[in-house]
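Trainee: Could you have a look at this structure, given as C-alpha cells, before my questions?
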Amino acid sequence: MALVLTEEQQMLKDSAKEYLKEHAPVAALRKLRDERDEKGYNPSVWKAMADMGWASLTIPEAYGGLDFGYTGLGQILEETGRTLTASPLVSTVLLSTTLLNKAASDAQKEALLPAIAAGELLVAFASEESGVHRPLHITTSYTKAGDTYLLNGKKQFVLDGHVADKFIVSAKNEEDAISLFLVDADATGVAIERLTMMDSRNAAHVSLKNVHTNELLGVAGEGAALIETSLDIARVGLAAEMLGTTQEAFERTMSYIRERKQFGVPIGSFQALQHRAATMYGEIENCKSIVLAALQAIDADSEHLPRLASLAKAKLGETAQLVTNEAVQFYGGIGMTDDEEIGFFLKRARVAQQTFGDYNYHLDRYAKMNGY
Amino acid sequence: MSITQFRTETRAWLEANCPKSMQKPVKKFTDLYWGGSKPYFDSEDQKIWFERMYERGWTVPHWPKVYGGGGLNKEEAKVLKQEMKALNCRPPLYSFGISMLGPALLHFGSEDQKLQYLPDITAGKIWWCQGYSEPGAGSDLAGLQTRAEDKGDHYLINGQKVWTSYADKADWIFCLVRTNTEGRKHAGISFLLIDMHTPGVSTRPIKLISGASPFCETFFDNVKVPKTNIVGEENGGWAIAKYLLTHEREMIAGIGEPAEVPLHQNAIDTIGLSNGMLADTILRPEIARWSMNNEIFKMTIARMLDEAKQGQSLGAKSSFLKYYGTELNKEKLELKLAATGQTGLVWEGEAYDDGHLPKYFCRTKGNSIEGGTSEIQLNIVSKHILRLPS
C-alpha cells in the first residue's frame with residue numbers, strides 16, 4: 001500500500017485541525033490546569049468531537065459507528081497532539097473501544113458502543129500496577145463466587161480513571177490465567193485517587209476491594225493476547241498523537257529562531273542551530289513514515305503489527321524527547337517560563353513517552369521479536 | 001495489462017531468464033557489468049544477462065523506448081525493481097550514464113543530444129564519468145576554476161578535476177566548466193560533454209584508504225571541444241549540476257549491500273546468544289537501535305517516492321535522504337567491526353574474504369563526503385526546507 005493518505009483521510013485531518021485550533025488550543029489545557037478543573041477535560045468539547053464522529057471512527061456501523069478505520073483515527077490523534085487537547089480520545093476510543101470491539105459479547109457491544117459513539121460513556125482500561133509499563137505483570141486477582149467474580153487489587157496510572165463510567169480491569173486467577181472484566185466506576189469496593197500529572201492530563205490510581213462483577217470481557221483466561229494486540233493498537237495511536245506534538249513543537253521552534261535576534265541577526269542563521277534543526281527535521285520525517293505504516297497495518301490486520309507498533313512507539317519516544325528538549329533550549333530563557341507554551345509540549349511528551357512503554361521497553365521488545 | 005498481470009509475467013520472465021550466478025549479492029567491482037568501448041564481461045552469464053535485459057529495454061526500464069529504454073511507467077518500473085530484488089537479480093548494466101547523465105539529458109538536453117547519447121547509454125557502449133570536484137572546489141563546488149574559453153567554433157579547456165570515478169576507464173566525461181569569470185560564481189558555469197580520447201586529456205588514479213583506486217585526477221591541457229557539446233545554455237550549467245546532485249543523492253541514500261545478512265545475525269554468529277538475547281548486552285541495544293532506524297528509514301524513502309509525482313525529483317528532500325542513508329551505512333560498518341572483533345580487521349587472505357569487511361568499512365567513510373558532505377546536506381535542508389535565514 002502506498003504510504004500516503006486517502007482523500008477522505010486527508011479531509012478528516014484538515015477538518016480536525018480547524019476545529020481544534022479554534023475550540024481546544026493549548027490555552028484550553030492551561031485553563032483546565034489553572035482552574036484545577038474537576039473533570040480535567042471539557043465535556044462540551046468532547047460532545048462536539050463525538051458529534052463530528054471522532055468517537056465512532058473505529059466502531060462498526062451496526063453499533064452506531066462509522067467504521068472508518070484507525071488510519072483516520074490516527075489523523076485526529078495527531079491533530080490533538082498539536083493542540084495538546086485533553087479529551088477521552090485515548091482512554092475511551094483508542095484503547096477501551098479497541099478492547100470492546102475485539103472481545104465484547106453482542107449484548108455488551110449493544111450496551112456500550114453506541115453510548116461511546118455518542119460521547120455519553122467513558123471507559124478506562126485499568127491495567128498497569130506500577131509506574132513502569134508491564135502490562136502482563138498482574139497481581140490483581142479474580143475468583144469465581146457463584147454467578148459473579150470477585151476482584152481485588154490496585155491499578156495505577158489509569159488514564160481518565162477519575163472520570164470514567166466503567167473500567168476494563170485485567171486480573172489473574174490462582175492458575176495465573178489472565179481475564180478482563182467490566183466494572184462500574186461506582187461499584188462497591190472501588191476507590192479512586194486522582195493524580196496530578198506533569199502534563200495536566202488525567203490519570204488515577206484505582207483500588208478494588210472485594211468488587212463484584214458478573215461481566216467478563218472475552219473468553220476467561222485468554223486476556224493476555226487480547227491485552228497485547230489492543231495495546232499495540234494503542235501504542236500506534238499514541239505515537240500518532242506524539243507525532244502531532246513533536247511536529248508542533250518543532251514548527252513553533254523554527255518560527256521562533258527565524259525571528260529571535262541576538263548579535264543583530266536571527267539566531268536561526270547560526271549553523272550551530274541549523275544543523276540540529278535539520279537533523280530534527282529528518283527524524284520527524286522518519287516518524288511520519290513509521291506512524292503511517294503502522295496505522296495502515298492496523299487497518300490491514302497485518303501480522304507485522306507488533307513489530308511496527310514497537311518501532312512506532314520507540315521512534316516517537318526518542319524523537320519527541322529530542323525535539324521537546326531542543327525546543328526549550330532553542331527558546332532559551334523564555335522557554336523556561338510558564339507563560340510560554342513550549343514547556344507544555346515538553347511535559348506532555350514525557351508522559352506520553354512512558355505511557356504504553358518507553359523507548360527502552362520497545363527496543364528490547366523489537367530485539368526479542370527479531371531473535372536477539 | 002493490469003499491474004498484477006505485469007508482476008506475474010515479469011516474475012516468470014526473470015525466473016526463466018536471470019542466470020543463477022546473476023542472483024548473488026554484488027561484492028566486487030567486476031560483479032557488475034559497466035559497459036564502455038572496451039567491454040569486459042566477468043562471465044558468460046553476465047553477458048547473457050545483459051543481452052537479455054537489453055533486448056527488452058530493461059537496462060534502463062523507465063526511459064522512453066525511442067531512447068532505448070523499456071518505456072515502463074512509474075508503477076511498472078517499481079514492480080520490476082521489487083521483483084528483481086525478490087530474486088536478488090543483479091543490475092544487468094551499471095553506469096553513471098544511466099544514473100547521472102541520462103536524467104540530466106532527459107531534462108535539459110536537446111532532442112539531438114538525447115538521440116545521440118541516450119541509446120548508447122542503454123546499450124552500454126560508452127563509459128561516462130563525472131567531472132565536478134576540483135582540488136580547490138569541494139564543498140564549495142561553484143568555486144570551480146576549470147576554464148572553457150570560447151574560440152569561435154570550439155571551447156578550449158584547461159584545468160583539473162578530481163574524484164572523477166573510473167576516469168582511467170571512461171570514454172566520455174560530463175563536466176562542469178567555467179565559461180564566465182565575471183559576476184556571480186554560480187552564473188558562469190556550463191555543463192559540457194568531453195570525449196576523453198581528445199588530445200590533452202590525461203588521468204591519474206588516486207589510491208584510497210580502502211586500498212582501491214576507483215577515483216582519478218583528470219587533467220585538461222588545451223583540450224578542444226565542439227560547442228555543440230554543451231548541454232543547456234552557456235553559463236546555465238549550475239541548474240543542471242544541482243539537478244544531477246539531487247539524483248546522485250537519492251542514489252547514494254539507498255546505499256548498502258542488497259539482500260545481505262541482517263546486522264543482528266552477524267552479531268549472533270560471532271558473539272552468540274545468552275538466554276535468547278545477544279550475549280554482548282552493551283552491543284545489543286546499539287544494534288537494535290540501528291536496525292530500527294534502518295527499517296524506518298526504508299519506509300521514509302518509499303513514502304517520499306510515493307509522494308513525489310511521476311518523473312519529479314525530490315528536490316531538497318534528497319539531501320536529507322543522502323545525509324541519513326550515508327550516516328546509517330557508516331554506523332552499520334562500525335557495528336559490524338564491533339561484532340567481529342579482530343577477525344574483522346584482517347586485510348588480506350582468502351580465508352578472510354580478502355579483507356572485504358575492513359576495506360568496505362574504510363570505503364564507507366567517503367559516503368558522507370562524496371556527493372556533498374553531510375554538513376552541506378544539513379545546510380541545504382536548513383535553507384531550502386526549513387527556510388532558516390542565512
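Trainee: Kindly list the residues of segment B:163-198 that lie in the label zone of B:Lys207, defined by a backbone N under 20 Å from the point 7 Å along the Cα-to-C-beta vector.
Mentor: B:163-169, by backbone N distance to the label point.
Trainee: Let me know the shape class of segment A:139-286, please: from the alpha-carbon gyration tensor, a ≥ b ≥ c as square roots of the eigenvalues, rounded when a/c is under 1.5, otherwise prolate if a/b is greater than b/c, or oblate.
Mentor: prolate
Trainee: Using the Cα atoms of segment A:224-369 to build a convex hull, what is its mean projected area in square nanometres?
Mentor: So the mean shadow area of the Cα hull is 9.2 nm².
Trainee: Tilt of helix A:223-259 relative to the longest C-alpha principal axis of chain A, in degrees (0 to 90, nearest 10)?
Mentor: Result, in degrees: 20.
Trainee: What whole number of Å gives the distance from the Cα centroid of segment A:281-326 to the Cα centroid of segment A:229-255?
Mentor: So the two Cα centres are separated by 9 Å.
Trainee: Let me cross-check A:Glu341: its accessible surface, 1.4 Å probe, with only protein heavy atoms counted, in Å² to the nearest 10?
Mentor: Its heavy atoms expose roughly 40 Å² to the probe.
Trainee: Using only alpha carbon pairs under 8 Å that are at least six residues apart, calculate the relative contact order of segment A:263-372 and give it in whole percent.
Mentor: 27
Trainee: Another one. 222 nm [θ] for chain B, helices only, -39500 (n - 2.57) per DSSP H run of 4+, per residue, to 500?
Mentor: About -12500 deg cm²/dmol.
Trainee: So how compact is segment B:211-353: Cα radius of gyration and Dmax in angstrom?
Mentor: 21.3, 70
Trainee: So, one more: With 29 Å as the limit, write out which pairs from B:Lys74/B:Lys365; B:Lys207/B:Lys317; B:Lys81/B:Lys227; A:Lys261/B:Lys332; B:Lys169/B:Lys242; B:Lys24/B:Lys169 have Cα-Cα distances beyond it, or answer none.
Mentor: Among B:Lys74/B:Lys365; B:Lys207/B:Lys317; B:Lys81/B:Lys227; A:Lys261/B:Lys332; B:Lys169/B:Lys242; B:Lys24/B:Lys169, the Cα-Cα distance tops 29 Å for B:Lys74/B:Lys365; B:Lys207/B:Lys317; B:Lys81/B:Lys227; A:Lys261/B:Lys332.
Trainee: Whole-Å semi-axes of segment B:275-390's equivalent ellipsoid, largest first, each the root of 5 times a Cα gyration tensor eigenvalue?
Mentor: For segment B:275-390, the semi-axes come out at 32, 18, 14 Å.
Trainee: Sticking with this structure for a sec: Grab the eigenvalues of the alpha-carbon gyration tensor for segment B:332-385, scale each by 5, take roots, and send me the semi-axes largest first in whole angstrom.
Mentor: Square roots of five times the eigenvalues give 33, 11, 6 Å.
Trainee: I need the per residue convex hull volume for segment B:220-298, using only the alpha carbons, in cubic angstrom as a whole number.
Mentor: For segment B:220-298, the hull spanned by Cα atoms encloses 189 Å³ per residue.
Trainee: Above 43 Å lies some portion of the pair distances; for the protein assembly as shown, what is it as a whole percent of all C-alpha pairs?
Mentor: Looking at the protein assembly as shown, the distances longer than 43 Å represent 39 percent of pairs.
Trainee: To continue, here is another question. Label segment A:1-110 by shape, choosing from rounded, prolate and oblate, from the square roots a ≥ b ≥ c of the eigenvalues of the Cα gyration tensor; if a/c is under 1.5 it is rounded, and otherwise prolate applies when a/b is larger than b/c, oblate when it is not.
Mentor: It is oblate, given that a/c is not under 1.5 and a/b is not larger than b/c.
Trainee: So, one more: Mark the label point 7 Å from the Cα of B:Asp354 along Cα→Cβ and return the residues of segment B:45-62 whose backbone N is within less than 19 Å of it.
Mentor: B:45-47
Trainee: Hey, how many Å between the Cα centroid of segment B:131-183 and the Cα centroid of segment A:83-114?
Mentor: 66
Trainee: Over 23 Å apart: what share of the alpha carbon pairs of segment B:128-236 falls there, rounded to a whole percent?
Mentor: Tail of P(r) above 23 Å: 22 percent of Cα pairs.
Trainee: With the cut-off at 18 Å, report for segment A:324-372 the share of all Cα pairs above it, as a whole percent.
Mentor: Roughly 48 percent, rounded to a whole number.
Trainee: Moving to a separate point now. When only alpha-carbon atoms count, how far does segment A:124-221 stretch along each of its three principal axes, as whole angstroms with the largest first?
Mentor: The principal-axis extents, from largest down, are 42, 26, 21 Å.
Trainee: Once every DSSP H run of n ≥ 4 in chain A is given -39500 (n - 2.57) and the sum is divided by its residues, what mean residue ellipticity at 222 nm do you get, rounded to the nearest 500 deg cm²/dmol?
Mentor: -16500 deg cm²/dmol
Trainee: At q = 0.07 Å⁻¹, what log₁₀ I(q)/I(0) does chain A have when each alpha carbon counts as one equal point scatterer in the Debye sum?
Mentor: Result of the Debye calculation: -0.30.
Trainee: Still on this structure, I have one more. Give the relative contact order (percent, whole number) for chain B; include only Cα pairs under 8 Å separated by 6+ residues.
Mentor: Over chain B, the number comes to 12 percent.
Trainee: While we're here: Mind listing P(r) for segment B:33-191? All alpha-carbon pairs, 5 Å bins, whole percents.
Mentor: Per 5 Å bin, starting at 0, the Cα pair percentages come out as 2, 9, 15, 18, 17, 14, 10, 8, 5, 2, 0.
Trainee: With a 1.4 Å probe and all protein chains in place, put A:Asp34, B:Asp171, A:Asp339 in order of accessible area, largest first.
Mentor: So, going from the largest accessible area down, we get A:Asp339, A:Asp34, B:Asp171.
Trainee: I need the GluC sites (Glu not before Pro) found in segment B:216-287, filtered to DSSP loop residues with at most 15 other beta carbons within 10 Å of theirs.
Mentor: Passing sites in segment B:216-287 are B:Glu233, B:Glu260.
Trainee: Any chance you could check the Cα centroid distance between segment A:4-45 and segment A:140-170 for me, in angstrom?
Mentor: Using only Cα atoms, the two centres lie 30 Å from each other.
Trainee: What FRET efficiency comes out for the pair B:Asn222/B:Gln342, r = Cβ-Cβ distance, R0 = 56 Å, nearest 0.05?
Mentor: Computed FRET efficiency for B:Asn222 and B:Gln342: 0.60.
Trainee: Same structure again: Compute the acute angle (0 to 90°) between the alpha-carbon long axis of helix B:44-55 and the principal axis of greatest extent of the alpha-carbon atoms of chain B; round to the nearest 10°.
Mentor: Computed tilt is about 60 degrees.
Trainee: Pairs B:Lys224/B:Lys322; A:Lys313/A:Lys347; A:Lys13/A:Lys313; A:Lys313/B:Lys330: which exceed 29 Å Cα-Cα?
Mentor: Beyond 29 Å between Cα atoms: B:Lys224/B:Lys322.
Trainee: If I model segment A:55-147 as equal point scatterers sitting on the Cα atoms and use the Debye formula, what is log10 I(q)/I(0) at q = 0.13, 0.22 Å⁻¹?
Mentor: -0.53, -1.13
Trainee: For segment A:139-247, which GluC sites (Glu not before Pro) are both in a DSSP coil and crowded by at most 10 other Cβ atoms within 10 Å?
Mentor: Those that pass, being in a loop and sparsely packed, are A:Glu174, A:Glu175.
Trainee: What value does segment B:3-94 have for Rg/Rh, both radii from Cα atoms and Rh as Kirkwood defines it?
Mentor: Here Rg/Rh amounts to 0.96.
Trainee: Let me ask something else about it. Stokes-Einstein at 4 °C, 1.567 mPa s, Kirkwood radius from Cα pairs: D for chain B in µm² s⁻¹?
Mentor: 57
The values are calculated or read from the model by the stated rules, or taken from the named source; none is laboratory data. Note that the structure is predicted; figures quoted are calculated from it, not measured. Cβ: placed from backbone, ideal geometry, glycine included. Neighbour counts: every protein chain shown. Just so you know, the surface numbers come from the protein's heavy atoms only, side chains and all, with ligands and any DNA or RNA stripped out. Shrake-Rupley method; radii C 1.70, N 1.55, O 1.52, S 1.80 Å.
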